[in-house]
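A quick write-up on the structure given underneath.
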Amino acid sequence: MASSPHDDLVDLRSDTVTAPTEGMRAAMARAEVGDDVYAEDPTCRALEERVAGMLGKEAALFTATGSLANLLGVRALVSPGSEVLCESRAHIARAELGAHAAIFGVTTRTWAHPRGLIDLDAVHSLLAPDAGPYFVSTAAVSIENTHNFGGGSVQPLDSMRKLREIVAPVGVGVHLDGARLWNASAATGITPGEYAEFADTVSVCLSKGLGAPVGSLVAGTAAQIEEARVWRKRLGGGWRQAGVLAAAGLYALDHHVQRVTEDHAHARLLAERLAQAAPGIVDPATAETNIVVLDLAAAGVGPDASEVAGRAREAGVLVSVLGPRALRLVTHLDVDEAGCRRAADVLAAALS
Ligand SMILES: Cc1ncc(COP(=O)(O)O)c(C=O)c1O
């Protein structure tokens, strides 16, 4: 992290910045391990079985990152030269460095929604399952729940159901990027399994709101996951005594799932205080989970996003710059209510 004169730094750049807790480190230290490339790591197996069960899928595969889990999940549904449809600021489209195209020849067409939500009319008009010999055919739709750059927005279950009803009959699959599915679930009371029911492949992350240092999973049918295991190895993602990391994930599932509601309350607090300081910058009602996106243009804030972020950094508060006029704040395990209150004060001053 960049140096700062503050020891009470409040880091709201992402929920990936957390350090493993003492309890998690102890669980990692005692993990039973084996060689996972030989499928002999009992802790990896236990994590994969547990997550597959939670998601109601036949199997799951532990991966180093959410990007790799998405890559393998989309690959399972889309052949080279075909396309996946997604929202324009989806992580797979904006933040995976073109991996789906560069590695697997998958192209993307997008619809835009201010909060990253499913737009059924747009999907209807983009959908081209059998586009013939001159156009790209659609093989899957990917949705993100919660939607990161959409401000941690939760996809309505009914939209997911309807999406599945539109695409399944024409042989188009659904991938669910559930990096923060735990947050969606905590916010709505809808279980991860109920969300996953409307997707063929699902990725989830343990290293975001749940506070594990590393790790994601992709889930699907046994055949899809068997193939994903081969592709993970082919891409250099096979790992050996990875049970040390899987133990952190199991610990996170046992201890850190319910507590994400605290992060949601902190995000709401930030949104409310900043909406007071700069009306129009965010609608607090949209702070559904642990991410708050600030729209400096809508609030008529003078300085641009990097200037505001720079001023906040000087005062010991770190935030992400999403664009010239947009900032993102993410709450997590390592920031408490007092930290959020301080961050709100610092940001309110930095915005003026
Ligand atoms: C929605 C979403 N999907 C996938 C990822 C990728 O996770 P990773 O950074 O582990 O590759 C992220 C990372 O922030 C994310 O926000």
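What does the charge add up to near S142, with Lys and Arg as +1, Asp and Glu as -1, over the other residues with Cβ less than 9 Å from its Cβ?
Net of charged neighbours comes to -3.
Under a GNM of the chain (C-alpha, springs under 10 Å), which listed residue has the highest mean-square fluctuation: E144, E226, E48?
Of E144, E226, E48, the Gaussian network model singles out E226 as fluctuating most.
Is it possible to state the helix-based mean residue ellipticity at 222 nm for the chain, with each DSSP H run of 4+ residues giving -39500 (n - 2.57), the sum divided by total residues, to the nearest 500 deg cm²/dmol? What is it?
Helix-only estimate at 222 nm: -12000 deg cm²/dmol.
Return one whole number: the accessible area per residue of the chain in Å², for a 1.4 Å probe.
For the chain, the solvent-accessible area averages 40 Å² per residue.
Could you derive backbone 3J(HN,Hα) for the range 328-338 from the dihedral phi with the Karplus parameters 6.51, -1.76 and 1.60 (θ = phi - 60°), listing whole Hz in sequence and x where the residue is Gly or Pro?
Values, residue by residue: 10, 10, 10, 8, 6, 3, 9, 9, 9, 5, 4 Hz.
Hey, if you put +1 on the Cβ of every Lys and Arg and -1 on every Asp and Glu Cβ in the range 89-241, which of Y195, V136, N183 ends up farthest toward the positive end of that dipole?
With unit charges placed on the Cβ atoms, the residue in question is N183.
What is the dipole size for the range 58-115, taken about its Cα centre, with +1 at each Lys and Arg Cβ and -1 at each Asp and Glu Cβ, in debye to the nearest 20?
Magnitude of the dipole: close to 200 debye.
Tell me the net charge near L157. Cut-off is 13 Å between Cβ atoms, L157 excluded, with +1 for each Lys or Arg and -1 for each Asp or Glu.
Local net charge: -1.
So what is the relative contact order of the chain, in percent, for Cα pairs below 8 Å that sit 6 or more residues apart?
After rounding, I find 25 percent.
Leaving ligands, DNA and RNA out of it, report the carbon-plus-sulfur percent of the accessible area of the range 7-46 at a 1.4 Å probe.
50 percent
Tell me, what % of the accessible area of the range 255-342 is carbon and sulfur with a 1.4 angstrom probe?
Roughly 49 percent of what the probe reaches on the range 255-342 is carbon or sulfur.
Among all the lysines, which ones have a C-alpha under 18 Å from K162's C-alpha, if same-chain residues fewer than 8 places away are not counted?
Within reach: none.
Which of rounded, prolate, oblate describes the range 195-247, given a ≥ b ≥ c as roots of the alpha-carbon gyration tensor eigenvalues and a/c under 1.5 marking rounded, otherwise prolate only if a/b is larger than b/c?
The shape class here is oblate.
Quote the charge dipole size of the chain about the Cα centre in Debye, to the nearest 20; the model charges only the Cβ of Lys and Arg (+1) and of Asp and Glu (-1).
I would put it at about 440 debye.
Could you work out which residue, out of G211, G237, G189, moves most in a Gaussian network model of the chain, that is, has the largest mean-square fluctuation with Cα springs under 10 Å?
Maximum among the listed residues: G189.
Give or take rounding to whole Å, what are the principal axis extents of the alpha carbon atoms in the range 126-225, in descending order?
47, 27, 26
Using the Karplus curve 6.51 cos²θ - 1.76 cosθ + 1.60 with θ = phi - 60°, work out ³J(HN,Hα) for each residue of the range 78-86 in order, rounded to whole Hz, and write x for Gly and Pro.
Per residue, the Karplus-derived 3J(HN,Hα) values read 10, 7, x, x, 10, 10, 10, 9, 7 Hz.
Normalised radius of gyration for the chain, please: alpha carbon Rg relative to 2.2 N^0.38 Å, two decimal places.
0.99
Give the relative contact order (percent, whole number) for the range 133-174; include only Cα pairs under 8 Å separated by 6+ residues.
Relative contact order of the range 133-174: 45 percent.
Could you report the accessible area of D35 in Å², rounded to 10, computed with a 1.4 Å probe on the protein chains as they sit in the structure?
30 Å²
Could you state the orientation-averaged shadow area of the convex hull built on the Cα atoms of the range 157-203, in nm² to one decimal?
Convex hull of Cα atoms, orientation-averaged projection: 3.0 nm².
Using every pair of alpha-carbon atoms in the range 255-352, split the distances into 5 Å bins beginning at 0 and state the percent of pairs per bin, rounded to integers.
Taking all Cα pairs of the range 255-352, the binned fractions are 2, 15, 26, 28, 17, 7, 3, 1, 0 percent.
For the full complex of protein chains and a 1.4 angstrom probe, list K233, K57, K162 by accessible area with the highest value first.
Sorted by accessible area, descending: K233, K162, K57.
The values are calculated or read from the model by the stated rules, or taken from the named source; none is laboratory data. The model shown is predicted, which means the values in this text are computed figures rather than measured ones. Cβ: placed from backbone, ideal geometry, glycine included. Neighbour counts: every protein chain shown. Surface accessibility is based on the protein's heavy atoms, side chains included, excluding ligands, DNA and RNA. Shrake-Rupley method; radii C 1.70, N 1.55, O 1.52, S 1.80 Å.
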